[in-house]
Structures are given as C-alpha cells and as structure tokens.
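Trainee: Dropping the structure in here first, questions after.
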Amino acid sequence: MLKVVVCVSGGGTNLQHIIDGVADGTIRNTKITAVISNNEGAYALTRAEKAGIPGVVLSPKDYPDRAAFNEALLDKLEELSPDLIVLAGYLVRIPEAVVAAFPKKIINIHPSLIPSFCGKGYYGLKVHEAALARGVKVTGATVHYVDEDVDHGEIILQKAVNVQKGDTPEILQKRVMEQAEWIILPKAIDMIATGEI
Ligand code: GRF
C-alpha cells in the first residue's frame with residue numbers, strides 16, 4: 001500500500017480527484033494518510049476532513065523564520081513517513097532538506113507544458129496569463145518529480161489542452177484543470193503505486 005501525503009494551499013480540486021480516485025479504484029494500492037496545508041483556511045482541508053483524512057496546518061507565519069518552518073515541515077514529514085509526497089497546488093517552496101530526505105518521492109502538478117511558463121513566479125492564474133499573453137495555441141499540465149529547483153525535476157506525465165478564442169485566464173485555468181490536471185495527477189500516483197514507474 002502506497003502511503004501518500006498531499007500538500008495543498010487552496011481549493012483542493014486536485015486533492016479531491018485523488019480522494020475520489022482512491023475511493024473508486026482508479027488509483028490502486030494507495031492510502032492518503034494526511035493532508036498538509038500552509039493555509040488554515042484552505043478548502044482543501046475541508047475536503048480532507050469530509051473524507052476522514054487527517055489535516056495538518058503548518059504555516060511559515062507561525063515560525064520565527066523560514067529555517068524554523070523548514071525544520072518543522074521536515075519533522076512532520078519524517079513522522080508521517082510517506083512513500084510519496086504529492087504537491088497539489090502547494091505554494092510553499094520545498095526545502096532542500098525535504099528533497100534530500102525524500103529523493104524521487106515528491107511529485108508536483110504544474111498547470112503548463114514544462115519547460116514553458118514555469119519556474120519562479122509562475123503559479124496559479126499567472127501561468128495562464130503568460131500563456132495567453134504569448135499567444136500559444138496549445139498549453140496543458142505537467143506532473144514532474146520535485147528536485148532542488150522550481151518546476152525542474154524529471155517529467156512524469158504531460159497532457160495538452162487547446163487554447164480557445166476568447167479564453168480568459170480563468171476559463172483557460174478551468175479547462176486545464178478539467179482536461180489535464182485532474183487526469184494526469186491521479187494517473188501518475190496510480191503508476192507509482194503499481195510499480196509502473
Ligand atoms: C491550480 O491552479 C493548479 O493548476 C495548480 O495549483 C492550483 C491548485 O488548485 N497546481 P487546487 O487547489 O487543486 O484546486
């Protein structure tokens with residue numbers, strides 16, 4: 001059984017699709033053992049509670065400095081000892097010590113086709129604003145391993161999504177989530193849980 005900890009910051013729609021995938025069997029051999037959020041108001045924590053999954057709030061605001069937060073995050077993850085850490089809209093930079101403690105055991109969903117529109121400053125709607133500003137006809141989402149750099153680790157899965165005439169960042173974000181993110185993140189977890197990768 002793959003023990004998974006999911007890290008979130010916002011609405012948790014990606015988390016919800018992981019919860020649903022485990023429940024309906026499309027994600028095999030997997031148990032979500034905890035959800036960690038830096039944001040106590042994240043609706044993702046409500047989704048976890050409704051699914052009976054323990055929620056943990058660890059916010060940098062509650063620590064004297066970033067080093068103290070990083071240590072607390074590492075301690076919590078080592079206590080939970082997951083087989084896989086899934087970043088599902090987690091807006092906190094993963095400390096190098098966590099990457100080192102969980103080599104090739106951390107994956108992230110990014111709402112573009114990496115290497116486009118990724119790296120420092122590219123998150124949430126900003127990604128789709130940049131894609132629309134550049135005028136790309138195709139965008140999408142990427143699941144990748146997390147390494148010491150931002151949005152830089154080995155790519156696991158990608159799925160393309162067409163940009164349509166009249167798209168706003170919000171409309172495009174919704175299409176990328178529905179047609180790509182919510183499909184490839186559960187798929188990647190299932191692939192890891194079944195030993196396919
Ligand atoms: C989405 O914009 C997704 O593209 C990115 O972070 C956000 C997470 O949304 N990974 P949600 O919290 O999963 O709904």
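Trainee: On the basis of being farther than 21 Å from Gly12 by Cα, among the β-branched types (Val, Ile, Thr) and exposed (fewer than 14 other Cβ atoms within 10 Å of the Cβ), does Ile114 make the cut?
Mentor: When the stated conditions are applied, Ile114 does not pass them.
Trainee: For region 91-101, give me each residue that is among the β-branched types (Val, Ile, Thr) and either near the ligand (Cβ under 8 Å from one of its atoms) or in a loop (DSSP other than H, G, I, E, B) (or both).
Mentor: Selection gives Val92, Ile94.
Trainee: Hey, another quick one. What is the residue count in region 57-90 for residues that are within 16 Å of the ligand (Cβ to nearest atom) and surrounded by 15 or more Cβ atoms within 10 Å (Cβ to Cβ)?
Mentor: So the answer is 6.
Trainee: Here is a further query. Of (1) more than 13 Å from the ligand (Cβ to nearest atom); (2) under 28 Å from Ala97 (Cβ atoms), Val136 satisfies all except one. Which?
Mentor: Among (1) more than 13 Å from the ligand (Cβ to nearest atom); (2) under 28 Å from Ala97 (Cβ atoms), Val136 violates only (2).
Trainee: Please work out which residue is farthest from the ligand (Cβ to nearest atom), limiting yourself to region 20-50 and to residues that are in a loop (DSSP other than H, G, I, E, B) and over 21 Å from Ile183 (Cα atoms).
Mentor: Glu40
Trainee: I would also like to ask the following. Any idea which residue in region 1-19 is nearest to the ligand (Cβ to nearest atom), counting only those that are out of contact with any strand residue (DSSP E or B) (no Cβ under 8 Å at 6 or more places or on another chain), in contact (Cβ under 8 Å) with a residue 40 or more places away in the chain and part of a helix (DSSP H, G or I)?
Mentor: Per the criteria, the residue is Thr13.
Trainee: Among (1) away from the ligand (no atom under 11 Å from the Cβ); (2) free of Cβ contacts under 8 Å to residues at least 24 places away in the same chain; (3) not small (Gly, Ala, Ser), where does Pro186 come up short?
Mentor: Every listed condition holds for Pro186 apart from (2).
Trainee: In addition: Looking for whichever is assigned to a strand (DSSP E or B) and either within 14 Å of the ligand (Cβ to nearest atom) or within 16 Å of the chain's Cα centre (by Cα) (or both) here; the options are Lys104, Lys159. Which one fits?
Mentor: Answer to the selection: Lys159.
Trainee: Okay, moving on. Mind checking which residues of region 69-83 are more than 13 Å from Val56 (Cα to Cα) and out of contact with any helix residue (DSSP H, G or I) (no Cβ under 9 Å at 6 or more places or on another chain)?
Mentor: Ser81, Pro82
Trainee: Please specify each residue of region 127-137 satisfying the condition of being touching a Pro at 6+ places or on another chain (Cβ under 8 Å) and either charged (D, E, K, R) or under 16 Å from Tyr90 (Cβ atoms) (or both).
Mentor: Start the filter on region 127-137 by keeping residues that are touching a Pro at 6+ places or on another chain (Cβ under 8 Å), which leaves 127-129, 132.
Across region 127-137, the qualifying residues are Val127, Glu129.
Trainee: Let me ask you something else. Scan (1) within 12 Å of the ligand (Cβ to nearest atom); (2) farther than 16 Å from Leu91 by Cα; (3) buried (at least 18 other Cβ atoms within 10 Å of the Cβ); (4) of a type outside the set (Ser, Thr, Tyr) for the single condition Val143 breaks and write down its number.
Mentor: So Val143 meets the others, but not (2).
Each value in this text was obtained by applying a stated rule to the coordinates, not by laboratory testing. These numbers were taken from a predicted model, which means no experiment stands behind them. No Cβ is skipped: glycine too gets one built from the backbone with ideal geometry, and neighbour counts run over all protein chains shown.
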